[in-house]
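The values are calculated or read from the model by the stated rules, or taken from the named source; none is laboratory data. These numbers were taken from a predicted model, which means no experiment stands behind them. In this analysis, Cβ positions are derived from the backbone assuming ideal geometry, glycine residues included, and neighbour counts consider all displayed protein chains.
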Amino acid sequence: MKHQTRDFALTAVLYAATAVLAFSSPWALADISTTANAAKETVANPYGLDALWKGGDFVARGTLLILVAMSAGSWYVIVTKLFEQYKLGRHAREANATFWTAGGLQQAVDGLNPESAYHYLAKSGVEATAHHNGLLGQIDFNTWVSQSIQRAIDNIQSRLQDGLAFLGTVGSTAPFVGLFGTVWGIYHALTAIGIAGQASIDKVAGPVGEALIMTAIGLAVAVPAVLGYNWLVRRNKASLDNIRAFGADLHAVLLGAGVETAKSAAQTTATVKASVAPVRVLAAANAN
């Protein structure tokens, strides 16, 4: 009975002390909890990009730099091509709105934006009609104009395809570059574990997981490049269809202008011959 009374008294004293401590310093328990959380936060992750860079050799660092360069180049091509496609669409709308309503052919060409692909195409066609003389005059006018317009379209297509080869290369090789970095990292991690003689799960999982970051980076670089490549190929096809349609209409207009020019030249030649013929007859009569 005495022991029970003593235990009860001791318990009551402890509860009373806890209550006094809580009322006198209500933030004491919060400080204890905060200290525990801070202790958890101070445990830094020994694996990650920072550890991969610091602990990697020149091969691992070089692989990572190659992936970063691939990513930067891919995004540069995608952004510049996006802006180029926007300008090309705007120039197409301007050409359809102003070119065919102009009063004359030269006026229509001058009304186009000098930086536009449509201006380059129209100017090439007009210059082809003006240069159809000399040895080139032996080529059929229709064939000469058609070839000139097609060469201009081919040049525009070549310009639109700039950068696509780079995106295709990055999309197809970046995963393998990342895989190479992963294999190299796993090799070094397993070699270090073998030298240390410790094969526990914490010694194996950390370095191997760190090496797998390279594969993830390679995929992160390749996916935007592939998506950008497919999008640009589709957009280039639509833009080239519009340019070819414009070139076909321009070809018809230039042929019509060429026919009218030929008719005018023929009429002028006939008029000159008709005016010269009486003079020749009179000169022959005077000679007799």
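Things worth noting here:
- Unique residue being more than 30 Å from ILE66 (Cα to Cα), under 30 Å from the mean Cα position of the chain (by Cα) and part of a helix (DSSP H, G or I) when the list is ALA174, ALA122: ALA122
- Check on GLY168, assigned to a helix (DSSP H, G or I), within 30 Å of GLU210 (Cβ to Cβ) and modelled with pLDDT of 80 or more: no
- Residues within the stretch 159-181 that are surrounded by 14 or more Cβ atoms within 10 Å (Cβ to Cβ), out of contact with any Gly (no Cβ under 8 Å at 6 or more places or on another chain) and either basic (Lys, Arg) or over 30 Å from LEU254 (Cβ atoms) (or both), tallied: 7
- Applying the criterion of being outside any helix (DSSP H, G or I) and closer than 21 Å to SER146 by Cα to the residues of the stretch 80-111, the residue that is nearest to the chain's Cα centre (by Cα) is PHE99.
- Hits in the stretch 135-158 - residues which are loosely packed, with under 12 Cβ neighbours inside 10 Å and within 30 Å of MET70 (Cβ to Cβ): ASP154, SER158
- Odd one out for HIS132, checked against (1) under 23 Å from ALA72 (Cα atoms); (2) not in a helix (DSSP H, G or I): (1)
- Top-ranked residue of the stretch 70-112 - restricted to ones that are closer than 18 Å to ILE153 by Cα and among the small types (Gly, Ala, Ser), ranked as surrounded by the fewest Cβ atoms within 10 Å (Cβ to Cβ): GLY89
- Matching residues in the stretch 214-260 - criterion: being more than 15 Å from the chain's Cα centre (by Cα), among the basic types (Lys, Arg) and exposed (fewer than 13 other Cβ atoms within 10 Å of the Cβ): LYS237
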